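Derivation of every value follows stated rules applied to the coordinates shown; laboratory data play no part. Remember, it's a predicted structure, so these values are computed and weren't measured experimentally. Backbone-built Cβ (ideal geometry, glycine too); neighbour counts: all protein chains shown.
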Amino acid sequence: MPDVPEKLTKPYEPSLTESRIYKLWEESGFFNPDNLPCANTSNLKPQTFTVIMPPPNANGRLHAGHALTIALEDIMIRYNRMQGKKTLWVPGADHAGFETQVVYEKKLEKEGRSRFKMDRQDLYKEIMEFTLESKKNMEADVKALGASCDWSREKFTLDPSVVSEVQETFRKLYRDELVYRGYRTVNWCTKHQTALSDVETETTEKNDKLYYIKYGPFVVATVRPETIFGDVAIAVNPKDPRYQKYIGQTIEVTHPENTLKLLVIGDDEVDREFGTGALKITPAHDHNDFRMSETHKLPRVEVIDQFGKLNDKAGKYAGMKIAEARVKVVEDLQSLGLIEKIEDYTHAVPSCYKCNTVIEPRVMPQWFIKMAPLAKRAADAVRAKEVRFVPDNFEKIFLYWMDNTIDWNISRQIVWGIQIPAVICKICNKGDLDTNTPAGTPCPCRGVFVADTDTFDTWFSSGQWPLLALGYPNTKDLSYYPTQVMETGRDLIFKWVPRMVIFGLYLTGKAPFHTVYLHGMVNDKQGKKMSKSKGNVVSPIDLTTKYGADALRISLVVGNTPGNDLSLIEEKIKGYKHFCNKIWNATRFVLTNIGNTTLDTERPSLSLRDEEIFKELDSVVVSVTTHLESFRFHLAGEKLYHYFWNTFADTIIEEMKPRLAEDGDSKKSAEWILLHILSINLKMLHPFMPFLTEEIWGMLPSSKNPLIIEPWPKYSPQ
């Protein structure tokens with residue numbers, strides 16, 4: 001009986017293995033593609049395989065969705081590395097702009113402080129210290145999950161080189177007349193005091209009242225009677241026979257504070273079936289009304305301020321919050337006999353995705369990107385199959401988003417982020433590049449240009465991430481661009497993916513990746529979204545500590561089809577911990593019973609049954625390889641699980657036991673068969689369960705290289 005490593009005689013303990021194995025990988029240098037065997041041969045230039053890690057927010061620990069991202073991307077990376085490709089996985093961290101500032105504001109609130117009472121530089125410095133400390137913890141979590149990424153190439157979205165290039169992209173867009181500063185309605189969060197893009201709002205169903213108000217000869221239906229003081233017109237559909245005679249007329253409307261003279265306009269956007277078919281138009285406080293004001297050249301009268309309170313144009317209602325003013329205005333309209341009826345009404349209402357405050361549309365000067373020409377180019381690239389989606393139904397979603405895009409508000413009124421390199425005149429609100437017009441330059445309106453204190457929407461910088469992560473524009477790593485795969489959550493089909501395609505094409509003429517793999521959301525075991533407020537957040541690091549990273553990783557992958565949500569069930573992870581034990585115990589049996597057989601032992605003569613065993617193994621190798629190449633990771637993992645447990649451990653090993661008790665050629669063949677099937681299984685399982693397989697690989701007789709760079713099995717030994 002050969003000597004078996006002492007640790008193999010004890011139960012497998014991930015806690016005693018994983019940190020040691022990760023250190024072994026880091027010290028080997030094989031996370032860096034420049035050190036891989038394929039990069040140091042005189043053969044033809046090796047094929048590359050590159051994934052840019054979606055940079056986790058550097059404001060806290062990893063969540064379950066991050067664990068799925070790491071598991072899927074590491075499977076791709078390890079598999080392609082074993083295929084002999086020059087494989088690069090670039091890690092990073094996102095400063096996460098608004099999200100991080102919100103996290104820090106909560107910390108300030110607990111301390112009895114407010115960011116609105118702090119010096120900008122002091123606040124920025126505090127958030128930077130908080131972020132860098134959080135970044136260390138986040139990166140430790142990434143390593144704990146086994147991510148084989150090249151830390152020597154790690155990037156942070158506030159690295160000076162990244163900041164400089166992001167600002168240069170803005171200047172290029174401005175020079176190309178794709179950026180402008182203008183007055184448009186924006187999504188305003190009255191709590192956080194900043195504008196938000198459409199993708200930073202969440203739309204929910206809300207039960208409100210629909211008020212029917214007498215407006216001269218009309219009755220209009222509205223959920224916002226408190227904005228009556230900002231009304232500038234009444235809109236009807238020009239095809240509506242009820243109202244055609246009024247179009248172009250000016251009518252007088254009574255309200256509790258005064259009377260209004262409103263122009264009646266005809267517009268095809270008016271829904272004849274909503275309410276009475278006549279709408280009050282308040283361009284300063286409604287996105288659709290603003291678009292009508294552009295078409296019909298209507299004035300915009302702001303009656304709600306930045307804090308969500310009515311201003312002095314509302315007379316006696318000035319200073320009231322929106323909800324309070326609505327009640328008072330309705331009471332007064334009723335006393336004047338101007339309310340015809342009130343109905344219950346359910347409608348979609350946008351709110352801030354971080355604090356759930358109802359969004360207040362406001363007209364204010366902001367920086368916008370002209371999206372139509374950029375979006376068309378992105379849509380054309382997808383239609384030309386330069387970019388494909390897994391699953392493919394997301395292509396339609398992407399194209400719909402690109403074909404119906406609106407200009408993108410990229411300026412945020414927050415401290416934390418990359419400052420917009422521009423100057424503005426606060427009197428006329430004209431804007432220019434800081435390189436064209438230095439701060440302090442007089443403005444033709446007799447004002448003075450000052451540095452813009454707004455920061456970029458975080459999607460502006462992260463949209464350039466595939467290039468920035470590779471050191472764009474002047475590093476050798478651009479040879480890895482375009483990358484092969486962008487793996488990310490399906491919710492980012494609206495937010496991040498389009499912006500990466502747009503900026504990649506705009507800056508280089510090439511889409512940044514060939515395939516977009518979209519995973520679903522990781523929910524709690526009841527299938528509900530995890531949130532701190534619900535108390536159902538499950539830490540992947542806690543689960544890793546309890547069951548090991550390998551068990552968590554494979555449990556997240558098997559049974560998880562692309563694009564679909566999954567429930568994180570601890571019992572399932574526990575089940576895969578048993579699978580780890582099964583592999584460990586099977587290894588102990590094999591190494592205890594193979595005598596002097598090594599991986600270098602010459603192939604013995606095999607029986608017909610032995611040949612059948614290897615033929616079946618061949619089919620497993622082909623099946624698993626095909627699934628991995630086709631991004632069917634769930635099927636590849638499931639195939640490996642069942643083959644190892646049911647076929648190898650429960651059937652083949654049992655068949656070999658009588659032969660191992662014999663002497664002669666049959667025993668030698670059985671020893672060789674067991675060792676080689678084990679080794680091939682370890683190779684195929686490695687992308688899914690890297691720690692356990694690397695640990696066992698190091699115990700095999702005559703294993704020379706670490707498993708991380710072993711060639712992927714092509715077929716069974718001949």
Checked the stretch 145-205 with the C-alpha gyration tensor, a ≥ b ≥ c its square-rooted eigenvalues, rounded below a/c of 1.5, otherwise prolate if a/b is larger than b/c and oblate if not; verdict oblate
Taking 355-364, 484-493 and ranking on average Cβ neighbours within 10 Å, highest first, one gets 484-493, 355-364
Sum up the charges of everything whose Cβ sits under 11 Å from the Cβ of Ala325, counting Lys and Arg as +1 and Asp and Glu as -1, but leave Ala325 out.
+2
Proximal aspartates and glutamates to Lys532, defined as alpha-carbon separation beneath 13 angstrom and excluding residues fewer than eight positions away on the same chain
Asp524
Rule-of-thumb check for the stretch 254-346: C-alpha Rg over 2.2 N^0.38 Å?
1.17
Kindly count the pairs of lysines across the stretch 323-455 whose alpha carbons are less than 19 Å apart, treating pairs on different chains or eight or more residues apart as eligible.
5
Spatial separation of Cα centroids for the stretch 115-159 and the stretch 427-443, in angstrom:
33
So for the stretch 509-585, Kirkwood radius off the Cα pairs, Stokes-Einstein at 25 °C and 0.890 mPa s: how many µm² s⁻¹?
175
Let me spell out the model: positive unit charges on the Cβ of Lys and Arg, negative unit charges on the Cβ of Asp and Glu, origin at the Cα centre of the chain. What dipole size does that give, in debye rounded to 20?
1040
Packing-ranked peptide list from 218-225, 23-30, 427-434, 685-692, highest mean Cβ count within 10 angstrom first, is 685-692, 218-225, 427-434, 23-30
Can you return the lysines within cross-link range of Lys143? Criterion is Cα-Cα under 22 Å, with same-chain partners fewer than 8 residues away left out.
Lys23, Lys86, Lys135, Lys155, Lys546, Lys574, Lys577, Lys683
Determine the shape class of the stretch 86-180: with a ≥ b ≥ c the square roots of the Cα gyration tensor eigenvalues, call it rounded for a/c under 1.5, and otherwise prolate if a/b is greater than b/c, oblate otherwise.
oblate
Taking all pairs of distinct alpha-carbon atoms in the stretch 195-360, Kirkwood radius in angstrom
16.5
Once label points are set 7 Å from the Cα along Cα→Cβ at both Asp380 and Cys428, what is their separation, rounded to one decimal in nm?
3.6
With n ≥ 4 as the cut-off for DSSP H runs, can you work out [θ] at 222 nm for the chain, using -39500 (n - 2.57) per run divided by the number of residues, rounded to the nearest 500?
-11500 deg cm²/dmol
Run the numbers for Thr545 and Asn137: contour at 0.36 nm per residue of separation, minus the present Cα-Cα distance, in nm.
145.4 nm
Percent relative contact order of the stretch 523-581, based on C-alpha pairs within less than 8 angstrom and at least six residues apart?
42
Note down the relative contact order for the chain as a percent, whole number, built from C-alpha pairs under 8 angstrom at least six residues apart.
16
How high is the relative contact order of the stretch 569-709, in percent, counting Cα pairs under 8 Å that sit 6 or more residues apart?
35
Going out from 0 in 10 Å bins, what whole percent of all Cα-Cα distances in the stretch 655-718 drops into each bin?
20, 45, 27, 7
With the dipole of the stretch 131-195 defined by +1 on each Lys or Arg Cβ and -1 on each Asp or Glu Cβ, the option from Tyr174, Val186, Leu132 whose Cα lies farthest towards the positive pole is Val186
With the dipole of the chain worked out from charges on the C-beta (+1 for Lys and Arg, -1 for Asp and Glu) around the Cα centre, which of Asn32, Pro373, Ala278 lies farthest toward the positive end?
Ala278
Stretched fully, the stretch from Gln193 through Asp122 gains (0.36 nm per residue minus C-alpha distance, one decimal, in nm) 23.7 nm
Rounded to two decimals, what ratio of Rg to Rh does the stretch 396-544 give with C-alpha atoms and a Kirkwood Rh?
1.08
In the neighbourhood of Glu386 defined by beta carbon distances under 11 Å, the net charge of the other residues (Lys, Arg +1; Asp, Glu -1) is +4
Non-local amide H neighbours of Val516 (under 5 Å, H modeled in plane, Pro and chain starts lacking H): which ones?
Arg388, Phe389, Val390, Met486
Around Glu638: net Lys/Arg minus Asp/Glu count, Cβ-Cβ under 13 Å
+3
